Amino acid sequence: MEYLEALEASGFSMFIKESSTAYVAFLAFHTIGLVFLVGVSGIVAMRILGVARSLPLGPLLDFFPLLYLGVCINVVTGVVLLCLYPTNYIVDPTMYIKAVAIIVAIIMVRKLKTYLLNLELGIVSESESRDMKTWARTLLVAWLFAVLTGRTVAYGLATKIQTSIAVLIVVSLVLLIGYFAGRSLGWINRFEQDA
Amino acid sequence: MYGLPETFLQLAFVEELIGTYRWFWSLNEVLHFIGLILLVGIVTVYDVRLMGVATRIPMAPLRQLLPWALFGFFLCVFSGLVFVTGLWANVKLHPLEALTIDHYLQLKLAFIAFAGLNLLFLYKSGMAQATDNLRAGEEAPALAKYIAATSLFLWIGVIYWGRLVPWGI
């Protein structure tokens, strides 16, 4: 704890906290990195789950440099933001949930990348991809938890729990309405036939 | 003081929701982020393809992702309207006052407007039609690349200035 207190009071941490632009710039770049990372990996997961079925899966690997850029931005900005108030974060269970969600998401991204590489090499075919759907769903859920915990880190425990429940209800409702709307409009049937 | 816009920009029922349920504001923050990821994530992939990255991917299937980007845009607009119309309940500031004093908010809105104009230019210049059916391996015309690069710059700017909005009030 003494080490964390020293880190929190260090010249670097104080400079960022007291600067009118540095702190918010790190926050802003953290969001930009998040969009690249979650955006690209989310598109791969959505494609595996049946969105834009005519999109070739293997060549999606060409977008991965954008994903790596997002990882680099978020590791740097994330570590800096963590150094500003480490004594607060170390006792906050939300940060641990966020860390677990990110680790799970990164593992899923690696699995999906290996799958895309194997597709490119002709080692596997899309029809053999039952596990991939589970990994894609896990990835999206993990990112949802990472975003949720990241956004609610500044709030009290009660608000965090209430927000989490509200988000899960809203997302479930949107998915349910989307599913039934998709069926009634014929989109889901059409996709199933395409598959 | 402000007249008609004051009536529409400040909604009592939204303020009441925010005042009564503390989770309502943070719920909208999460929805705003999900919308951003969908919108800017898909627009970024679309733009970098036009700029010459991942040319192995034809444009037509990429366009199938655009309804999801539109859904993300609507999520952002909905949650953004909650922030605006219920602002008083959170920071005791009228939305019109926030618009006049918050330079980050002004920049964010300007960047969104320019992104809209840029999209309009993509269609009016004929570049949308020229790139709609690009096959695998085909490059977009130079003008389309410039439009895509501008779009990417503007949307990253929207995120950047948008994240700074609370510090401008």
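A short reminder: the numbers here are calculations on the coordinates, not readings from a lab. What you see is a predicted model, and the numbers here were worked out from it, not measured in a lab. Don't worry about glycine lacking a Cβ; one is built from the backbone with ideal geometry, like all the others, and counts go over all protein chains shown.
Okay, here's what the table says:
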{"read-out": "Length-normalised contact order for segment B:96-169 - Cα pairs under 8 Å, 6+ apart - percent", "value": "53"}
{"read-out": "Cross-link reach list, aspartates and glutamates versus A:LYS98, counting only Cα pairs under 17 Å and skipping chain neighbours closer than eight places", "value": "B:GLU29"}
{"read-out": "Angle between chain B longest axis and helix B:66-85 axis [Cα atoms, degrees, rounded to 10]", "value": "20"}
{"read-out": "Sites A:GLU126 and A:VAL76, calculated FRET efficiency, Cβ-Cβ separation with R0 35 Å, nearest 0.05", "value": "0.45"}
{"read-out": "Cβ charges +1 (Lys, Arg) and -1 (Asp, Glu), total dipole of chain A, debye", "value": "540"}
{"read-out": "Percentage relative contact order, chain B, counting C-alpha pairs under 8 Å, at least six apart", "value": "33"}
{"read-out": "Area projected by the alpha carbon convex hull of segment B:26-141, averaged over all directions, nm²", "value": "8.2"}
{"read-out": "Cα centroid of segment A:126-165 to Cα centroid of segment B:11-58, whole Å", "value": "15"}
{"read-out": "Extension reserve of the A:ALA9-A:ASN88 stretch, reckoned as 0.36 nm per residue once the Cα distance is removed", "value": "27.2 nm"}
{"read-out": "Inter-probe distance in nm under a simple model that places probes 7 Å from Cα toward Cβ, at B:LEU93 and A:ALA181", "value": "3.3"}
{"read-out": "Dipole of segment A:2-185 [Lys/Arg +1, Asp/Glu -1 at C-beta], most positive-end residue of A:HIS30, A:SER19, A:ILE123", "value": "A:ILE123"}
{"read-out": "Shielding by partners - mean other protein chain Cβ count within 10 Å, residues of A:27-36", "value": "6"}
{"read-out": "Helix-only CD estimate at 222 nm, as mean residue ellipticity for chain B, using -39500 (n - 2.57) per DSSP H run (n ≥ 4)", "value": "-26000 deg cm²/dmol"}
{"read-out": "Chain A: calculated mean residue ellipticity at 222 nm from DSSP helix runs of at least 4, using -39500 (n - 2.57)", "value": "-26500 deg cm²/dmol"}
{"read-out": "Dipole magnitude (debye, nearest 20) for chain B, charges at Cβ of Lys, Arg, Asp, Glu", "value": "460"}
{"read-out": "Förster radius 22 Å - calculated FRET efficiency between B:ARG56 and A:THR114, Cβ distance, rounded to 0.05", "value": "0.70"}
{"read-out": "Number of partner chain Cβ atoms within 10 Å, mean per residue of B:159-167", "value": "4"}
{"read-out": "Degrees separating the helix A:64-84 axis from the principal Cα axis of chain A, which is the longest one", "value": "30"}
{"read-out": "Average partner coverage of B:66-72, which counts Cβ from other chains inside 10 Å", "value": "2"}
{"read-out": "Pairwise FRET efficiency - B:GLU15 versus B:ALA128, Cβ, R0 = 30 Å, nearest 0.05", "value": "0.15"}
{"read-out": "Charge-dipole axis of the protein assembly as shown as Lys and Arg at +1 and Asp and Glu at -1 on Cβ define it, positive-most pick from A:ALA154, B:PHE33, A:ILE169", "value": "A:ILE169"}
{"read-out": "Mean Cα-pair separation over length for chain A, i.e. relative contact order, pairs under 8 Å, 6 or more apart, %", "value": "25"}
{"read-out": "Angle in degrees between helix B:103-124 and the longest Cα principal axis of chain B, rounded to the nearest 10", "value": "30"}
{"read-out": "Ranking of A:SER41, A:SER172, B:SER79 by count of other Cβ atoms within 10 Å, fewest first", "value": "A:SER172, B:SER79, A:SER41"}
